[in-house]
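First the structure, in the form of structure tokens, and then the observations on it.
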Amino acid sequence: MTTNAGSRDTIEALLREGRRFEPSPQFAAGANAQPGIYAEAESDYLAFWKSWADKLEWSQPYERVLDWNEPFAQWFVGGKLNASVNALDRHVAAGRGGRVAYYYEGEPGDRRAITYEELLRDVCRFANALRSLGVKRGDRVALYMPMIPELPVAMLACARIGAPHSAIFGGFSADSIVDRVNDAQCVAIVTADQGWRRGKHVPLKATVDAALAHTPSIRHCIVARRVGEPVAMRAGRDLWWDDAVAGQATMCEPEPMDSEALLYLLYTSGTTAKPKGIMHTTAGYLTGVTATHDLVFDLKDDDVYWCAADIGWVTGHSYIVYGPLCNGATSIIYEGTPDFPDRDRLWEIVERYKATILYTAPTAIRTFMKWGVDYVRKHDLSSLRVLGSVGEPINPEAWMWYYENVGGGRCPVVDTWWQTETGAIMIAPLPGITTLKPGSATKPFPGVQADVVDEQGNSVPLGGGGYAVLRRPWPSMLRGIYGDPERYKETYWSKFPHMYLAGDGCSRDEEGDYWFMGRIDDVMNVSGHRISTAEVESALVDHAAVAEAAAVGKLDAVTGQAICAFVSLRGMDTGSPALADELRAHVAAKLGKFTMPKYITFTQELPKTRSGKIMRRLLRDIAEGRMLGDTTTLADSSVVTELQERAKQEAAKDA
Ligand code: WT7
């Protein structure tokens, strides 16, 4: 088996990692999850999930916990509930309306504290606005927004009227918006005039305008004012958020939704150039995110919780919006980048709000390591008590740095493994119980049955590695790929019978702890962003000068992987640095800036098998400067020596 991120060396280094951290007796004694929880959940996993579903507010009780018609699950069958009621109304009804839901901090330094009561009011007004525009239950609404309070408000307003939202990360290009909006036939899109990023303006509305020329299903575009510069508004289609909510009632009757009603779509990259619309439904999803948010972060009433992800990705959906709000938590939302105005912005925010829980990504941690510990030391971080990591494998060095310098050696680090498809955390420590090992996501969450299997689908004994799988349904699991049930079956349920294939390589140590190694398919992970090799290749080939292209992930000390493209040009063109930049700009325009290849190596010929398949594994070896394995299947071996030389030159630009 080969993995993108896990070269042999990395795997061996990980498995030699011997450090262990036990929970402190005080933490263990007061923890939400107590040691019996695993056995209890295992004895009856449906009863375990039921106990969490029963904490939600239902407008009609469910009849059955699970109908499993593999691979299609229905959870809490027959029940009705509304996600926004669970996130907001019930806290207000319980007298907790004055509690802060979000401390909002804009990049330029503007700040707001938004209570549950205020959030409910804003959600109701926007929900009424959507309804008066004719958006109804079942209609899909696209969201292309910066990290401003209007984003969670729009999500919850959609949920309130039963209109599934489809958030599109603000870094995506117009073409990417077009694909996603058309796939889901969205009827409306919500955006902002512009966003702030590192002190500069991000032209969100202009990007949406370019997209809307090719999205006939969109009837309305609602624009929140964030930056305040003038933007084009098309009469009859575009309206300002403020005008849309003006005069709207602050109460809005929520739609009672079936447990299995679609709550949202979130597109993610697969192994083809067409992204998959991952479907999440209502009751099971809320059950999964509330249980995991409570137990993995050991959430307490007085916590100030901060997930520093972008709401445009699943981490934000589950652990900035639905999980924390359903749990009545007080969270922080920060709009901008960690280096604006200086590299201590995150630590300044932790200190200001006395954050107690911080959840971020390994790529961010490695960036902080590079910037140096002085930025961290400038601030009082003594409020922190739990640290989390998500998005990619965390190397032991980064784990230790986080533990020591951010957590002051007091805070458990929970490395949480999950995916857009799983909806909620699947494998992670429970901080009052689990012995932590730097670099390991440790054990499956209670009720989750994970395994590591070999090519034949046999469970690999402890101490070995293989494919990560999940062996039984879980409430927050994806219900399918929008409009493509076959692709759902094929992608996740066909390689091994009765197992969900995650697409990750993983080892387990002798104690059964999981060590994730990276993707085993043609999916790259750059700074925790999932990018398909096929998407980048098709964007490259779309450029007039390009004949053929292959993209692979190359290990990168900061971003986990970096995109390395091998490009052969049409005619006799041999390429130039200027053309490489042009290709990068082309990929940015087609997909989004965050998908630009870091390295571009021009070549006359790509290495192919005799049957014409591009040999990606070989290209990965070349990109990472490794000795080449078996090249006997190569059609023309002279290609390789030249490529190795050029890739070396390209990589040398780093130094
Ligand atoms: C892929 C899912 C989960 C929300 C953010 C990313 C990788 C995620 C970990 C972790 C090792 C991880 C996997 C997974 N991944 N968390 N703790 N350790 N790898 O969601 O975009 O759906 O990507 O991210 O490769 O399959 P996503």
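The values are calculated or read from the model by the stated rules, or taken from the named source; none is laboratory data. Only a predicted model underlies this, so the values are computations on that prediction, with no experimental measurement involved. Every residue, glycine as well, gets a Cβ built from its backbone with ideal geometry; the counts of neighbours run over all protein chains shown. The protein model used for the area step is the full one, side chains on, heavy atoms only, and it has no ligands, DNA or RNA in it. Shrake-Rupley method; radii C 1.70, N 1.55, O 1.52, S 1.80 Å.
Points worth noting:
- Distance from segment 403-428 to segment 238-316 (C-alpha centre basis), Å: 20
- Of Val452, Ala94, Ala142, farthest towards positive along the dipole that unit charges on Lys, Arg, Asp, Glu beta carbons give the chain: Ala142
- Dipole of segment 115-264, positive direction: furthest Cα of Cys124, Val231, Cys158, with charges on the beta-carbon: Val231
- Separation of segment 467-485 and segment 170-204, taken as the distance between their Cα centroids, equals 27 angstrom.
- Gln449-Ser24 pseudo-label distance in nm [points 7 Å out on the Cα-to-Cβ vector]: 3.8
- Net +/- balance of residues flanking Asp542 in space, Cβ distance below 14 Å, scoring K and R +1, D and E -1: -3
- DSSP assigns beta bridges within segment 523-581; of those with both partners inside it, close to 100 percent run antiparallel.
- Surface accessible to a 1.4 Å probe, per residue, for the residues of the chain, Å²: 37
- Accessible-area order (highest first, 1.4 angstrom probe) of the listed residues Met251, Met145: Met251, Met145
- Calculated FRET efficiency for the pair Trp240/Ala213, C-beta based, R₀ 22 Å, to 0.05: 0.60
- Two-site label geometry, Gln456 and Leu133: point separation in nm, points 7 Å out along Cα→Cβ: 5.7
- Listed as lacking a disulfide-compatible partner in the chain: Cys158, Cys186, Cys221, Cys307, Cys326, Cys411, Cys506, Cys564, by the criterion of no other cysteine Cβ under 4.7 Å.
- Accessible surface of the chain, 1.4 Å probe, proportion on carbon and sulfur as whole %: 51
- Ignoring aspartates and glutamates fewer than eight residues from Lys200 along the same chain, the ones with Cα atoms less than 14 angstrom from its Cα are Glu107, Glu229, Glu335, Asp339.
- Of Leu634, Gln649, Gly553, farthest towards positive along the dipole that unit charges on Lys, Arg, Asp, Glu beta carbons give segment 527-654: Gly553
- Note on segment 527-654: Lys pairs 8 or more places apart or on different chains, Cα atoms under 17 Å apart, count 6.
- Averaging the Cα positions of each part gives two centres, and for segment 524-569 and segment 89-143 these lie 38 Å apart.
- Summing charges over neighbours of Pro203, with a neighbour being any other residue whose Cβ is under 13 Å away from its Cβ, gives +2 when K and R count +1 and D and E count -1.
- Computed [θ] at 222 nm, helices only, for the chain once each DSSP H run of length n ≥ 4 contributes -39500 (n - 2.57): -8000 deg cm²/dmol
- Using the Cβ of Pro164 as centre and a radius below 11 Å, the other residues enclosed give a net charge of +1, where K and R count +1 and D and E count -1.
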